[in-house]
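Just so it is clear, none of the values below were taken in a lab; they were calculated from the coordinates. Computed from a predicted structure; not experimentally measured. Neighbour counts are summed over all protein chains in view; Cβ atoms, including those assigned to glycine, are modelled from backbone coordinates with ideal geometry.
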Amino acid sequence: MKHLFSPWRSEYIKTFSDEKKARSCLFCRMQREARDAENLIVWRGKFCFVVMNRYPYNSGHVMIVPYRHTSRFGKFTGEEHAEIMKLTAKCIEALEHISKPEGFNYGANLGRTAGAGIDKHIHFHLVPRWNGDTNFMPAIGQTKVVSEDIRRTWKKLKSEFKKLK
Ligand SMILES: [Zn+2]
C-alpha cells in the first residue's frame, strides 16, 4: 500500500488505541488511499482535505474534512481550526468562480442525533444555493450514482484550487 504524506499520523496512532475502528471510517480510508479522482478529493491541505459529496444536496456540494479522526470538536488544534476556515474560504471563492451561487449553506452535523451520516469523524458541509433551488434539492439528495455533473465540477474545482493562493 502506498503511504501518503501524513503529518497527523503519529499523533493519530498515539491517540487511538483501536486503529481498526478508524480504518473502517470512510474519511480515514479516503485520505489514506492514492485515488483522489475516484474518491473525488479536490484538494489536500496540511490538516484537512476537500472532497465532493457523492450524495449532494445541490450541485457543487463539497465537504471540508480534517484528517484527524475525532467526533470531538474541541480536539482540534488552533492550526486545524484555522485551516478548516481557510479551506472553506477557498471553496467559496472557487465555487463562486465556477457556478456563481447566490448563497451557501455551511456547517457541521455533530452527532448522529443532529443528522451526521459519519458521526465519528467531524466534517463540514458547504452547499451552494441558487434562488429557487429548494424544490430541486430533495430530488437529487439521494442520488446513488456519481453523476457526470459531480465529475465535471470536481475537475473544475481542482483547477480553480490550483489557481488560488
Ligand atoms: Zn475517520
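Each peptide in 96-105, 51-60, 73-82, 36-45 receives the mean, over its residues, of other Cβ atoms within 10 Å, and ordering these scores from highest gives 51-60, 36-45, 96-105, 73-82.
Reported value for the range 63-123: 90 Å³ per residue, from the convex hull of its C-alpha atoms. Checking the cross-link pairs LYS90/LYS120; LYS46/LYS165; LYS86/LYS158 against a 20 Å limit on the alpha carbon distance flags LYS90/LYS120 as lying beyond it.
Couplings 3J(HN,Hα) of the range 67-74, computed from phi: 5, 5, 7, 8, 9, 9, 4, x Hz, in residue order, whole Hz [Karplus 6.51 cos²θ - 1.76 cosθ + 1.60, θ = phi - 60°; x for Gly and Pro].
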